[in-house]
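The values are calculated or read from the model by the stated rules, or taken from the named source; none is laboratory data. Given the structure is predicted, the values throughout are model-derived calculations rather than measurements. Here the Cβ is made from the backbone with ideal geometry for all residues, glycine too, and neighbour counts use every protein chain on show. Heavy atoms of the whole protein, side chains included, go into the accessibility calculation; ligands, DNA and RNA do not. Shrake-Rupley method; radii C 1.70, N 1.55, O 1.52, S 1.80 Å.
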Amino acid sequence: MTAPAVPGSPATAAAGTPLLSLSGVTRIYRGGGLLSRAAAPVQAVSGVTLEVAAGATLGIVGESGCGKSTLGRIAVGLEKPTDGEVALRGAALAAMSRPQRRAARYEVQMMFQDPYAALNPRMSLARIIEEPLRAKGGMTRDQRRARVRQLAGEVGLAAGQLDRYPRELSGGQRQRVGLARALATSPALIVADEPVSALDVSVRSQILNLMTELQAEHQLSYLMVSHDLTVIHYFADHIAVMYLGKIVESGSPAALFRAPAHHYTRALIDAVPQPTPGRAAPPASIRGELPSASAPPSGCRFRTRCPAATDLCAAQEPPLRDFGPGHRAACHFPLTEPAAAAPGKEFS
Ligand SMILES: Nc1ncnc2c1ncn2[C@@H]1O[C@H](COP(=O)(O)OP(=O)(O)OP(=O)(O)O)[C@@H](O)[C@H]1O
Ligand code: SF4
Ligand SMILES: [Mg+2]
């Protein structure tokens, strides 16, 4: 392992080094407490390798329980992986000194699904937005106040609203506060876990547009997690499809929607409601239930729900193969032809 670089120092990261990289990340929950002591370990995330480039957006999509939030918490440093490595600008978090890790923590911030649950109801908006600045230190009270006003302006909150409390705001306004708070320490990456799922459809695009504007302004990267393929398709530069703890396909939104290789991706696309009148109604949902993460199926984890599954799918885990530039999938009987001489590389 190379010596840890100082986070935040562009000079220490070679050109082309991804901002965030996860290599073979696995998270196993072993249970705890009286009721779950006898429960089998849950493999929430299993050998995930991915990268987020500076200024880019990676979208992670998959059904409820597939491990998206666990992956997000690991990316932001709220949880440690059971196995594998998380690196910021090429420097492994686990190998960093305490001060380095502290600095790295402010470079990656989180936005949550339910802004009401995520915001302290007893704090004014000004205090909520200011909190990360107080924790980080290095600013006077007046500097912090000025920064809070600046952040409020950036996310479209009036200065007069800063004395209010979360209960006085609409869902969209609360998510603006969540965004201002995430931006406070000038992070390079925001991990957004279902940031618009709790919002009315009419407000969703306002928040997504705001996030896009702020990305351009601050050269931000996003790791966005969602069960909603429409949101991910609209927002992400690169999509990773997750099934039962594993990334089964990844590629550009255009490649995935035009020619998905994996049967699960196809099923997710088919499950998106079609607004066009006269088009055939899609299947209501993907058939069957997501199997338990404590006893995943052998071979390909999607085989219990896949219309094309054979004995091979139960016997062998499919290797990752290239299907085009930046497009990879793990399927024995893919829907499209793999690229010639596919090296079977990991996802990135
Ligand atoms: N702290 C925990 N202890 C035990 N099991 C957990 C814990 N957190 C998550 N899990 C389990 O890990 C798996 C993945 O959960 P996770 O919350 O990451 O999924 P998700 O894709 O974010 O789901 P959702 O879309 O419903 O938010 C699930 O089986 C879940 O029950
Ligand atoms: S490997 Fe087999 S079960 Fe898995 S998606 Fe491909 S065809 Fe279906
Ligand atoms: Mg979740």
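Would you mind classifying the stretch 292-331 by shape? Square roots of the alpha carbon gyration tensor eigenvalues, ordered a ≥ b ≥ c; an a/c under 1.5 is rounded, otherwise it is prolate if a/b is larger than b/c and oblate if not.
Judged from the Cα gyration tensor, the stretch 292-331 comes out prolate (a/c at least 1.5, a/b above b/c).
For a quick check: with amide H placed at 1.01 Å from N, whose amide H comes under 5 Å from Tyr222's, ignoring anything fewer than 5 positions away on the same chain?
It is Ala56, Thr57, Leu58, Ile190, by chain and number.
Send over a whole-number figure in Å² for the accessible area per residue of the chain, probe 1.4 Å.
Accessible surface, normalised per residue, equals 48 Å².
Return a single number: how many Lys pairs in the chain, at a sequence separation of 8 or more or on separate chains, have alpha-carbon atoms below 20 angstrom apart.
4
Just subtract the alpha-carbon distance of Ser292 and Arg122 from 0.36 nm times their residue separation and send over the number in nm, one decimal.
Stretched fully, the Ser292-Arg122 segment lengthens by 57.4 nm.
Gly324's amide H: which non-local residues (gap 5+, or another chain) put their own amide H closer than 5 Å, with H modeled 1.01 Å from N in plane and none for Pro or chain starts?
Answer set, sorted by chain and number: Ala339.
Once phi is turned into ³J(HN,Hα) by the Karplus curve 6.51 cos²θ - 1.76 cosθ + 1.60 with θ = phi - 60°, what whole-Hz value does each residue of the stretch 177-192 show in order, with x for glycine and proline?
In residue order, the calculated couplings are 5, x, 6, 4, 5, 5, 7, 3, 8, 6, x, 8, 9, 10, 8, 10 Hz.
With Cβ to Cβ distances under 12 Å as the rule, what net charge do the other residues near Gln206 carry (K, R +1; D, E -1)?
It works out to a net charge of 0.
Spelling out what I want: for every residue of the stretch 312-324, take phi, set θ = phi - 60°, compute 6.51 cos²θ - 1.76 cosθ + 1.60 (Karplus), and round to whole Hz; glycine and proline get x.
4, 5, 7, 8, 10, 6, x, x, 6, 9, 7, 10, x
Can you give me the Cα centroid spacing of the stretch 237-254 and the stretch 156-229 in angstrom?
The distance from the Cα centre of the stretch 237-254 to that of the stretch 156-229 comes to 23 Å.
222 nm [θ] for the chain, helices only, -39500 (n - 2.57) per DSSP H run of 4+, per residue, to 500?
About -9000 deg cm²/dmol.
What is the percent carbon and sulfur in the accessible area of the stretch 80-204, measuring with a 1.4 Å probe over the protein chains and ignoring ligands?
46
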